[in-house]
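Heads up: the structure comes next, in C-alpha cells.
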Amino acid sequence: MFEKIAAYLEKRMEENAANPDPFARQQVAVAALLVEASRLDGHYDAAEQGTVVRLLRQMLKLPPEQARHLLAIAEERQAHTYHNWVFCEAIKKGFTSAERLEVIKDLWEVALADGKLHRMETMMIDLVAKQLEIPVAEAAKAKAEAEERAKN
C-alpha cells in the first residue's frame, strides 16, 4: 500500500513539474545519494563536488557539463528530501544488482574523499546498501576497496 501511495505522489510531482529534469529518475537518485554522502560530515567543498562530478561522468557516461548540471539538480533534491528511501527505490527499479553495487562503491569513495570517514557517512552507506539489497559481504568488500584506493 505504501508503495502505491509513493508511486502516486511521485507521478503527481512529475506531472506538476514546471521544468522536468533532463535526467532519468535513477540518475538523479544516484547523484542525490552521492551528494548526501558528501554532506553528512558537515563539510561539502569543491573537492567533494569534483569527486561527485567525476563519479557521475564515469558511472553514467555523461559529458562534464551534463554531470555538473545533474549535480546541481541533485543538490537541490537532496536538500529537500526527508528520507533517501525515494532515491533507493528509483535505483532499485532502474539498475541491475551489479550497477547498484557500483553505487555503493561510489558512495564509499565520496565519503572517503576528504580523507576522513565520519560515523554518519558509515551509517548512511550501510543503510543504503541494505535498501539496495546488496549483500553485507559485498558491501564490506566495496568499502575495503574504496579505503585502499583512498590510500593511494
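Coordinate-derived values only; no laboratory data. Just so we're clear, the structure is a prediction, and the values are computed from it rather than from any experiment. Quick reminder, even Gly has a Cβ in these numbers, built from the backbone with ideal geometry, and neighbours come from all protein chains shown.
Some points to look at:
- Nearest 10 degrees, 0 to 90: helix 85-94 Cα axis against the chain principal axis: 90 degrees
- For the stretch 81-152, the set of trypsin sites (Lys or Arg not before Pro) satisfying both a DSSP loop assignment and a count of at most 13 other C-beta atoms within 10 Å is given as K116.
- The phi-based Karplus calculation (6.51 cos²θ - 1.76 cosθ + 1.60; θ = phi - 60°) puts the 3J(HN,Hα) values of the stretch 57-71 at 4, 5, 6, 9, 6, 9, x, x, 5, 6, 5, 5, 5, 4, 4 Hz, whole numbers, x for Gly and Pro.
- Relative to the longest principal axis of the Cα atoms of the chain, helix 136-151 runs at roughly 60 degrees.
- For the chain, the longest principal axis of the alpha carbon atoms and the long axis of helix 97-111 meet at an angle near 60°.
- Ranked for footprinting exposure by Cβ neighbours inside 10 Å, fewest first, T122, T51 give T122, T51.
- Net charge of neighbours whose Cβ lies under 12 Å from the Cβ of M59, counting Lys and Arg as +1 and Asp and Glu as -1: +1
- Anisotropy class of the stretch 33-77 from Cα gyration tensor, a/c 1.5 cut: prolate
- Shape call, the stretch 19-151: gyration tensor on alpha carbons, a/c limit 1.5: rounded
- Among N84, H43, L112 - extreme Cα towards positive end, dipole of the stretch 19-151, charges at beta-carbon: N84
- Rel. contact order, % - alpha carbon contacts under 8 angstrom, at least six apart, the chain: 28 percent
- Remark: V86, V52, V136, V128 ranked as V136, V86, V128, V52, counting other beta-carbon atoms within 10 Å and listing the fewest first.
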